[in-house]
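Every number in this text was worked out from the coordinates using simple rules, so none of it is lab data. Just so you know, these numbers come straight off a predicted model, no measurement behind them. All Cβ positions, even for glycine, are placed from backbone atoms using ideal geometry, and neighbour counts span all protein chains on display.
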Amino acid sequence: MGGISIKGTRQGITIIINGGEPKGALKDLAKQLASSGHFLRGNEVVLEIGSDYFGVQELEALCGLLKRYDMNPVKVISESPDVRRAAQALGLEANKPTAKRPEYALVKRGPIRSGQSVNYDGTVLIIGDVNPGGEVIAGGDIIVWGHLKGMAYAGAPDDSSRRIYALSLEPTLLRIGNYLARPPEGETSPGKGPETAFVQENQIVVEPWEH
Amino acid sequence: MEAKVITITSGKGGVGKTTATANIATALAMAGNTVVALDADIGLRNLDVMMGLENRIVYDLVDVVEKRCRLRQALIRDKRFPNLFLLPAAQTRDKSAVQPADLIRVCEELRPEVNFILIDSPAGIEHGFHTALAPADEVLVITTPEVAAVRDADRVIGLIEAQEKGPVKLIINRIKPEMVAKGDMLTVEDVLEILAVDLVGIVPEDTSIIVSANKGVPVVLDHSSPSGQAFKNIASRLLGKEVPFMELKGRENILDRLSKLFRFQ
């Protein structure tokens, strides 16, 4: 058991602590940082903690260690409510881990017709149209290589970081995580080209899909 | 002979299933085929009325299924074409009287003796629809160029494909060329873009259909009727002939043209 891994992500650094007793984990981390910590300087850090034994004290020690290397811990992700509470007490953001998504996308040929529903935990790619009355519900992103005229729900049930892409976005309803949007009434403007929808500042926004 | 079983369905009611069945069956018979038109709309039968055979019904489909008569006794020979037959629905019963397996059995019995069996499906997507679909080798979905009808056609095509009864062929009925020209009605292309299936016929709106239905004389017998010609074309395409689609041109009056000139794009 034990074991620590450090991953670079787009958001910064994620340090994963796989259970075990905090003292040992801290020691392991200190060792790793001593050898490679200077590469990580100046980054924001997300801590994924798989152990139940990190209280306020242990977390404080962990954060102190990171700060010595000029890293800024911002978020703790843990299954354990105790660990999350301790993190909040220290002024850190605390989240439950999101369910593991399948690594592969589901590819489906359209049209997805009225009354048909595509449900998948990961990302869904529809080659063809999603017709009015048809729906796509994905744990990950949704990409429609065609007209999206039905309902699309990306990041189901609560992952608002997901996106919906379509060559032509004319949905009856869009949902991303906890957010919901419908196109303005009476406005039909097909031929706008490919678009993507995502959550920004607590609402779903639509932009041209350029890259 | 090994008959082809063709089910005609739509999802939405009132878009012309029965009219299409009566006319395509008649047109196929006119071309020399032995045809049975089978009314699967039990409890709401109409095909007999459209074919002008209402008062000749003695036995019906339910009598056949429940073995009160032999299949041959229930077949009604058409007044004009000796190679066209109607197997009428029962009016006093409902859809539960015939199961999918029953209809498959009836069609199997007919298959060696005829060229075509055309099944007039009831509206809806419930039991009666599934029964009508069960024996089909080919399915014609009929819609009108209206949003609600197209939506229902899309739903029904999805169900047909899920049962692997496709590929579906589409008939677009009651097109009003004037309205299409003005941009007030969905075009054939609009409908095809949504439904993405093969087109087998476009039928113009035609008031002579009403007269023909009331008289029980299918409109394909009226050689001056544009809708009659359209149904004859569908029959030809079902027989494997290449027939160009009718050019539907609306007559534009001077006011329409003026208003089009001044319409802002």
### Summary
Quick calc, the range B:4-261, dipole around Cα centre from Cβ unit charges on Lys, Arg (+) and Asp, Glu (-), nearest 20 debye, gives 660
### Query
Nearest 0.05, what FRET efficiency do B:Glu113 and B:His223 give at R0 = 35 Å with Cβ-Cβ as r?
0.70
## Note on the structure
Here, the range A:106-208 modelled as identical Cα point scatterers in vacuum has Debye log10 I(q)/I(0) at q = 0.10, 0.17, 0.20 Å⁻¹ of -0.21, -0.64, -0.91
### Task
Bin width 5 Å, alpha-carbon pairs only: give the P(r) of chain A as whole percents, running from 0 to the bin holding the largest distance.
1, 7, 14, 15, 14, 10, 9, 10, 9, 6, 4, 1, 0
### Task
Please label the shape of the range A:48-88 as rounded, prolate or oblate, based on the square roots a ≥ b ≥ c of the eigenvalues of the alpha-carbon gyration tensor (a/c under 1.5 means rounded; beyond that, a/b larger than b/c means prolate, else oblate).
prolate
### Task
List the GluC sites (Glu not before Pro) within the range A:43-137 that fall in a DSSP loop (any state other than H, G, I, E or B) and whose Cβ has at most 13 other Cβ atoms within 10 Å.
A:Glu79, A:Glu103
#### Entry: Theoretical ellipticity at 222 nm over chain A - DSSP helices of four or more residues, -39500 (n - 2.57) apiece, nearest 500
-5500 deg cm²/dmol
## Note on the structure
Rounded to the nearest whole number, the Stokes-Einstein translational diffusion coefficient of the range B:1-121 at 25 °C and 0.890 mPa s (Kirkwood radius, C-alpha pairs) in µm²/s is 175
### For the range A:71-128 and the range B:58-94, distance of Cα centres in Å
60
### Cα pair distances of the range B:76-219 binned at 5 Å [whole percent]
2, 8, 15, 17, 18, 19, 13, 6, 2, 1, 0
### Task
Provide Rg and Dmax in Å for chain B, with only Cα atoms included in the calculation.
18.7, 68
### Message
Tell me the mean residue ellipticity at 222 nm calculated for chain B from its helices only (DSSP H runs of n ≥ 4, each -39500 (n - 2.57), averaged over every residue, nearest 500).
### Response
-11000 deg cm²/dmol
### Query
How large is Rg over Rh for the protein assembly as shown, taking Rg from the Cα atoms and Rh as the Kirkwood inverse mean of 1/r across Cα pairs?
1.20
### Query
So, in nm, how far is label B:Arg72 from label B:Glu164 when the simple model puts each one 7 Å beyond its Cα toward the Cβ?
3.7
### Message
Treating only the Cβ of Lys, Arg, Asp and Glu as charged (+1, +1, -1, -1), what charge dipole size does the protein assembly as shown show about its Cα centre? Round to the nearest 20 debye.
### Response
320
### Task
Could you tell me which GluC sites (Glu not before Pro) in the range B:22-119 are loop residues by DSSP with no more than 16 other beta carbons within 10 angstrom of their beta carbon?
B:Glu66
### Query
For the charge dipole of chain B, defined by +1 on Lys and Arg C-beta atoms and -1 on Asp and Glu C-beta atoms about the Cα centroid, which residue among B:Met246, B:Leu199, B:Ala101 has the Cα displaced farthest towards the positive pole?
B:Met246
#### Entry: Point-charge dipole on Cβ atoms (K/R +1, D/E -1) for chain A, about Cα centre, debye to 20
380
### Query
Taking the simple approach of a point 7 Å from Cα along Cα-to-Cβ for both A:Asp82 and A:Lys67, what is their distance in nm?
2.5
### Query
Among all lysine pairs in the range A:4-95 that are eight or more places apart or on different chains, how many have alpha carbons less than 20 angstrom apart?
9
### Message
Once R0 is set to 35 Å, what does the formula 1/(1 + (r/R0)^6) return for the Cβ-Cβ distance between B:Leu44 and B:Glu247, expressed as a FRET efficiency to the nearest 0.05?
### Response
0.45
### Message
So if I restrict to the alpha-carbon atoms in the range B:9-54, what is the Rg, and what is Dmax, the biggest pairwise distance, in Å?
### Response
10.9, 32
### Query
How large are Rg and Dmax for the range A:4-95 when only the alpha carbon atoms are used, in Å?
11.7, 33
